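One structure is given here, and the rest of the page talks about it.
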Amino acid sequence: MSRIRKIGVFTSGGDAPGMNACIRAVVRTSVFMGLEVVGIRKGYQGMLDSDFWDMDARSVGNIIHLGGTILKTARCLEFQTNEGTEKAFKNLKTKGIDALVAIGGDGTARGAERLSSRFEIPVICIPGTIDNDLYGSDFTLGFDTATNTVIEAIDKIRDTAASHNRLFFVEVMGRDSGCIALRSGIAGGAEAVLLPERETEIDELIEKLSMDAKNKKTSSIVIVAEGDKSGGAYHLAKLVTEKFDFYDVKVTILGHLQRGGSPSSFDRVLASRLGYAAVKGLLSGENRQMVGLRGNSVVMTPLFEALNNTQFKLEKDLMEMVSVLSI
Ligand code: F6P
């Protein structure tokens with residue numbers, strides 16, 4: 001029998017649609033298994049402030065469809081100090097928390113690995129970030145919803161681009177990952193997608209746009225990942241305008257609206273599966289693991305491996321398809 005009696009759950013880093021569905025799964029699975037469950041507000045800052053919420057099944061009613069996180073989130077530099085990590089651990093122990101479920105991105109997982117490897121407290125991490133930039137899961141929580149949000153925006157931009165014979169550069173989030181840009185580019189029918197993972201050749205882009213113009217394309221949409229190394233959508237628009245004046249060029253930066261919205265069915269199911277598996281994993285003795293989806297199976301990956309694996313996540317066939325399907 002596990003000695004775990006009280007689980008702490010928190011969200012940290014950039015919020016992502018599906019975090020609330022995940023909190024719900026963690027809380028209800030814990031209650032079902034006879035455990036106490038404590039919500040820790042504002043991520044690691046809440047640990048330092050002992051900002052705790054004794055939760056029960058009703059605490060997470062009617063939240064499965066809500067974006068954001070009812071536990072709030074924050075980025076916390078103090079926790080990264082040795083004193084901060086120790087203070088957090090002592091506060092957790094004072095509250096009687098003997099295991100943790102951390103929902104967040106790369107920084108969250110690094111913090112959890114730091115805490116659990118220095119002090120005696122098991123932790124399971126759930127990849128919650130729209131960026132889809134974590135190894136250990138084919139998809140991270142919020143990525144599908146964020147991509148759907150981008151596609152809705154592209155569809156609206158397409159209407160006005162087609163009406164005015166315009167070229168739009170649309171900048172999307174993803175930090176250093178091009179996952180959102182690539183999938184929304186394919187699903188949104190973009191003419192080109194500029195990715196951090198691939199060198200952007202301005203002349204190649206202009207050649208593609210010129211070919212499209214010759215083939216009587218009267219409007220065009222180019223998706224720019226914010227981490228692309230060519231300087232962002234406004235800079236790109238300026239460079240292209242200087243060499244190619246066929247289209248009237250406009251720029252749209254989608255920004256933080258990609259982080260909000262009601263989670264998609266995919267993200268709600270992913271959130272529920274990973275939250276459920278995280279609690280069951282803790283009870284079966286798992287520690288310092290990233291729970292994720294591989295194919296259609298829930299798997300555990302050692303945190304150290306997940307955090308140190310920089311495996312290329314972009315699908316090569318999707319990268320090839322962009323220029324083919326947009327002729
Ligand atoms: O990590 C998620 C993310 O939305 C990134 O895509 C983006 O670069 C970053 O967070 C923005 O951070 P903040 O919300 O702190 O501005």
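Read-outs: derived from the displayed coordinates by stated rules, not from any lab. As the structure is a computational prediction, the values presented were derived from the model and not from experiment. Here Cβ is always computed from backbone atoms with ideal geometry, including for glycine, and neighbour counts include all displayed protein chains.
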The stretch 21-73 and the stretch 251-283: distance between their alpha carbon centers, rounded to Å:
15 Å
How tilted is helix 143-164 with respect to the longest principal axis of the chain? Cα atoms for both, answer in degrees (0 to 90, nearest 10).
20 degrees
Contour minus Cα-Cα span, Ile253 to Lys156, at 0.36 nm per residue, comes to 33.6 nm
In whole Å, what is the distance between the alpha-carbon centres of the stretch 88-115 and the stretch 187-229?
42 Å
From the C-alpha gyration tensor of the chain, pull out the three semi-axes of the equivalent ellipsoid (sqrt of 5λ each), sorted largest to smallest, in whole Å.
42, 18, 17
Only helical DSSP H runs with n ≥ 4 go in: add -39500 (n - 2.57) per run for the chain, normalise by residue count and round the 222 nm mean residue ellipticity to 500 deg cm²/dmol.
-13500 deg cm²/dmol
For the stretch 206-321, what does the relative contact order come out to in percent, with C-alpha contacts under 8 Å and a separation of six or more?
13 percent
Please identify every one of the chymotrypsin sites (Phe, Trp or Tyr not before Pro) in the stretch 245-327 that sits in a loop by DSSP and has no more than 10 other beta carbons within 10 Å of its own beta carbon.
Phe312
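Net charge near Ala271, counting Lys/Arg +1 and Asp/Glu -1 over other residues with Cβ under 11 Å of its Cβ?
+1
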Which angle between 0 and 90 degrees, to the nearest 10, do you get for helix 106-118 versus the longest principal axis of the chain when only C-alpha atoms count?
30 degrees
Out of every Cα pair in the stretch 145-259, what percent are spaced more than 19 Å from each other?
38 percent
Surrounding charge for Phe52, neighbours by C-beta under 10 angstrom, Lys/Arg +1, Asp/Glu -1, total -1
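Quick check on the exposure proxy: order Leu236, Leu77 from fewest to most C-beta atoms within 10 angstrom.
Lowest to highest Cβ neighbour count: Leu77, Leu236.
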Which percentage, to the nearest 5, of the DSSP beta bridges contained in the chain is antiparallel?
25 percent
Tell me, what is the FRET efficiency for Phe119 and Ser265 to the nearest 0.05, using R0 = 51 angstrom and their Cβ-Cβ distance as r?
0.85
Which net charge results when you count Lys and Arg as +1 and Asp and Glu as -1 among the other residues whose beta-carbon is under 13 Å from that of His164?
+1
Whole-Hz Karplus ³J(HN,Hα) for the stretch 191-198, in order, using 6.51 cos²θ - 1.76 cosθ + 1.60 and θ = phi - 60°, x for Gly and Pro?
6, 7, 10, 9, 10, x, 7, 9
Tilt relative to the chain, helix 316-325 - C-alpha long axis, 0 to 90 degrees, to 10
30 degrees
With label points set 7 Å from each Cα along the Cα-to-Cβ direction at Asp317 and Asp54, the distance between them in nm comes to 5.4 nm
Relative contact order (%) - the chain, alpha-carbon pairs under 8 angstrom, separation at least six
23 percent
Please state the charge dipole magnitude for the chain, taken about the Cα centre, from unit charges on C-beta atoms (+1 on K and R, -1 on D and E), reported in debye and rounded to the nearest 20.
1140 debye
DSSP loop GluC sites (Glu not before Pro) with at most 14 other Cβ within 10 Å: longest gap in the chain:
1-119
Gain upon complete extension [Phe246, Lys216; 0.36 nm per residue less C-alpha separation]:
9.7 nm
Out of Ala213, Gly178, Leu195 - ranked by how far each Cα lies towards the positive end of the dipole of the stretch 145-259, with unit charges on the beta-carbon of charged residues - the top one is Ala213
